[in-house]
1. Fully extended, how many nm does the chain gain between Thr125 and Thr296 (0.36 nm per residue separation, minus their Cα-Cα distance)?
2. So if the hydrodynamic radius of region 173-218 is defined as the Kirkwood radius over C-alpha pairs, what does Stokes-Einstein give as its diffusion coefficient at 37 °C and 0.692 mPa s, in µm² per second?
3. For Met94, what is the net charge nearby, where nearby means another residue's Cβ is under 13 Å from its Cβ and Lys, Arg count +1, Asp, Glu -1?
4. Given charges of +1 on the Cβ of Lys and Arg and -1 on the Cβ of Asp and Glu, with all other atoms neutral, how large is the dipole of region 202-332 about its Cα centre, in debye to the nearest 20?
5. Tell me the net charge near Ile151. Cut-off is 14 Å between Cβ atoms, Ile151 excluded, with +1 for each Lys or Arg and -1 for each Asp or Glu.
6. Would you mind checking which residues have amide H under 5 Å from Leu307's amide H? H placed 1.01 Å from N; only 5 or more apart, or other chain.
7. List the lysines whose Cα lies under 21 Å from the Cα of Lys56, skipping any in the same chain that are fewer than 8 positions away.
8. Using DSSP, restrict attention to beta bridges with both residues in region 202-332 and report what percent are antiparallel, rounded to the nearest 5.
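Rule-based calculations on the coordinates, nothing more; no lab input. This is a predicted model, so every value here is computed, not measured. Note that we place each Cβ from the backbone using ideal geometry, even for glycine, and neighbour counts take in every protein chain shown.
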Amino acid sequence: FEMDEDEEDKEEDVLSMKTGCTDAAAPPAGSDPDTFIYMKFMKSHCCYDAIPTSSKLVIFDTSLQVKKAFFAMVANGVRAAPLWDNKLKCFVGMLTITDFINILHRYYKSPLVQIYELEEHKIETWREIYLQYSINRLISITPDSSLFDAIYSLLKNKIHRLPVIDPASGNVLHILTHKRILKFLHIFGCMIPKPRFLQKRINEVPIGTFKEIATVQESASVYDALSIFVERRVSALPVVNEEGKVVALYSRFDVINLAAQKNYNNLNMTMREAVASRAGWVEGVLKCYPHETLETIIDRIVHRLVLVDADDVVRGIVSLSDLLQALVLSPAGIDALYS
């Protein structure tokens, strides 16, 4: 697996092979044992095993101003932070890029009107408003839980960050992601046989989204993109031109960079302008084709791949969630992604 270079990749890759946490069930009689290789691997390793020896963790008190919290996320290069409630003396939730998107989408009026709620609200104020419409609990996992259980929780709850909390101390040890789990599989995957189904082509495997694909026109506004993020709950949007050809990929992480550039008060700018203004080097759209094998796209995938035809017209999206569902949960007869 080749993973992209970002803050998550700067973590130490020395991992502890502490225990086998869950006994992997034997494959049903008469079934292809290849199908169950990754499922058994994830059931036999626990979340503690996937925690790097060194990583950055930022924690916010709920009394902190929302704006300061988002600027701190940008400054520290993190995409999410556990929230500590000093009155309750416990962790009560997570602040993520999704919160930033929801605040901008809900309160933005025009470039001339300051977003008061972003400038003045504390995290606890935002949570009181937002929790009326969303999950009112912190979804977490213990270090001794299996990676299989972590994958199920990530996909079932449609979240991208899963805090690993020590039940004895109540401390957050790490924030587990789809990407970290796949990286763990990459590091120790040489210890297990390579399944034959990896040689199947994309168009032969039930993986990815190929209907009602969420895209955004390059002439559309950033606010239009935020609306699609909120309504479709996708992690990235292919930016397409008038011919439907993909010209860029705009992700949730790009939205938090609006805070870094102080551009969050001008959401009327076009996607073409937003893509052009991205700071630093941005990798081009990572594409895959229907004739390529599953192994090829796993080696290439970052957070998601845009599946295109010979003319570069968008035909589908293959995400890390799609991969984990197909490789790990589907063999167990569990459909967490689409249920």
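1. On the way: separation 171, 0.36 × 171 = 61.56 nm, distance 4.61 nm.
Separation in residues times 0.36 nm, less the Cα-Cα distance, equals 57.0 nm.
2. Working: Rh = 14.2 Å.
Here the translational diffusion coefficient equals 231 µm²/s.
3. Working: positive: Arg79, Arg127, Arg137, Arg161; negative: Asp85, Asp99.
Net charge around Met94: +2.
4. 480 debye
5. Working: positive: Lys40, Lys43, Lys156, Lys158, Arg161, Lys179, Arg180, Lys183; negative: Asp49, Asp149, Asp322, Asp335.
Residues near Ile151 contribute +4 overall.
6. The list, which skips near neighbours in sequence, is Cys288, Arg315, Gly316, Ile317, Val318.
7. Result set, ordered by chain and number: Lys10, Lys67, Lys68, Lys179, Lys183.
8. Numbers: 13 of 17 bridges.
Roughly 75 percent of the beta bridges in region 202-332 run antiparallel, per DSSP.
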